[in-house]
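Asker: Got a structure for you, written out below as structure tokens; questions coming shortly.
No lab work stands behind these numbers, since they all come straight from the coordinates. Because the structure is a prediction, the values reported are computed rather than measured. When we count neighbours, we look across all protein chains shown, and the Cβ atoms used for this are built from the backbone with ideal geometry, even at glycine.
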Amino acid sequence: MSQIHKVLLADALADAPFSGAPTTVVYLGEPMERFKMASLATEFGTLETVYIYPHSKSFLLRFFTPNTELKVGINACHAAAFVVYELGIRPPSEPLSLLTQAGEITARHLNDGDIAMEMDQAPHQPLEKGSLDGYAALARLPPGLAGWGLKTPGDLAVVAVEDRELLKRLSPDIPELLKADVNGVAVTAPSRLAGDCDYCLRCFRPKQGQIEEHVSGSIHRSLAPRWARLLQKKTLTARQLSRRGGLVKAEVRDDGRIVLQGKARLILRSDISLESVTGGRPF
């Protein structure tokens with residue numbers, strides 16, 4: 001007997017056509033076994049696949065890459081909330097409770113079409129000078145240009161420089177990144193371009209199968225509060241300088257919460273018929 005599920009491909013945190021993070025969203029009418037979710041994520045091949053299942057007045061979310069399951073994916077949460085509204089499952093006036101293995105995220109559809117997600121800020125660990133220079137070298141930054149750095153709870157090293165133009169010329173040392181003691185390296189800089197954004201970044205995660213992230217979501221839970229203090233602003237805009245690019249707006253609150261928001265774009269909408277099977281090859 002076949003099971004029919006709705007499948008949508010959406011670009012999360014996209015500020016233009018074919019920008020942002022391509023994400024597969026599967027809306028489940030009934031629970032699905034883990035090995036099927038893992039197998040389908042490999043079949044789809046996008047960097048993230050998120051499964052949504054209604055649970056009481058909330059939604060349960062599961063996140064998969066082609067190789068592993070994640071506790072939470074901010075880009076995928078954004079795409080999932082967009083799809084719930086796009087399918088008309090909830091009206092735009094109603095906030096969504098998204099339940100993940102890392103806690104609850106509240107999502108809202110704003111009048112300008114943005115999807116806003118409220119969550120806790122993420123603590124970060126400042127990088128000492130020696131570590132900072134070492135991670136800067138992995139990004140092949142010229143010596144002495146790293147001003148400060150931090151490490152996120154996801155074990156991502158972030159290095160800050162003053163010159164935005166440096167980010168455009170980055171060519172990280174991928175073999176050394178694969179051997180590094182962190183899950184990836186990001187480089188950030190203030191924008192200094194009027195009307196563009198407050199800060200920008202590039203992020204490299206070859207250990208997760210992403211030489212470079214199209215757009216980063218979770219990093220801003222740690223990075224936006226740091227830039228908020230430096231720039232003395234509560235509301236900021238961050239631009240990803242990857243090939244596809246992306247735009248994230250952040251509101252840093254004094255109560256330890258943060259709101260990340262942006263637009264999503266629908267690329268593909270379809271149904272899949274999945275035969276009832278048993279067994280499988282889980283991760």
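Asker: How far is helix 129-138 tilted, in degrees, relative to the longest principal axis of the Cα atoms in the chain, given as a value from 0 to 90 rounded to the nearest 10?
Answerer: 60 degrees
Asker: Continuing with this model, one more query. If neighbour count is taken as other Cβ atoms inside 10 Å, put GLU104, GLU30, GLU48, GLU212 in order from fewest to most. Numbers along the way, then the final one.
Answerer: On the way: GLU104 12, GLU30 8, GLU48 25, GLU212 20.
Lowest count first: GLU30, GLU104, GLU212, GLU48.
Asker: Let me ask something else about it. Expressed in nm to one decimal, what extension gain is obtained for the pair THR235 and GLU43 from 0.36 nm per residue of sequence separation less their Cα-Cα distance?
Answerer: 65.2 nm
Asker: Pop the C-beta distance of GLU162 and SER56 into the FRET formula with R0 = 41 Å and round what comes out to the nearest 0.05.
Answerer: That gives a FRET efficiency of 0.25.
Asker: At what distance in nm do the modelled label points of ARG257 and PHE18 sit from each other, each positioned 7 Å from its Cα along Cα→Cβ?
Answerer: 3.9 nm
Asker: Which residue fluctuates the most in the chain, going by a Gaussian network model with Cα springs under 10 Å, if the choices are SER97, SER56, SER39?
Answerer: Of SER97, SER56, SER39, the Gaussian network model singles out SER56 as fluctuating most.
Asker: Which shape class, rounded, prolate or oblate, goes with segment 1-157 when its Cα gyration tensor gives a ≥ b ≥ c as root eigenvalues, a/c under 1.5 marks rounded, and past that a/b bigger than b/c marks prolate? Can you show the working numbers first?
Answerer: Working: a/c = 2.16, a/b = 1.75, b/c = 1.23.
Taking the square roots of the gyration eigenvalues as a ≥ b ≥ c, segment 1-157 is prolate.
Asker: Further, regarding this structure: Contact order normalised by length for the chain, with contacts defined as Cα pairs under 8 Å and 6 or more residues apart; what percent is it? Provide the component values of the computation, followed by the final result.
Answerer: Numbers: 646 pairs, mean separation 65.6, N = 283.
Value for the chain: 23 percent.
Asker: Now, a different point. Bin width 10 Å, origin at 0, all Cα-Cα pairs of the chain: what percent of pairs per bin?
Answerer: Reading upward from the zero bin: 6, 29, 35, 21, 7, 1, 0.
Asker: Also: For TYR85, TYR135, what ranking results if the residue with the fewest other Cβ atoms within 10 Å of its Cβ goes first?
Answerer: Listed from fewest to most nearby Cβ atoms, that is TYR85, TYR135.
Asker: Can you give me the Cα centroid spacing of segment 7-26 and segment 44-121 in angstrom?
Answerer: What the calculation gives is 13 Å, centre to centre.
Asker: For a footprinting-style exposure proxy, rank ARG34, ARG265 by other Cβ within 10 Å, fewest first.
Answerer: So the residues, fewest neighbours to most, are ARG34, ARG265.
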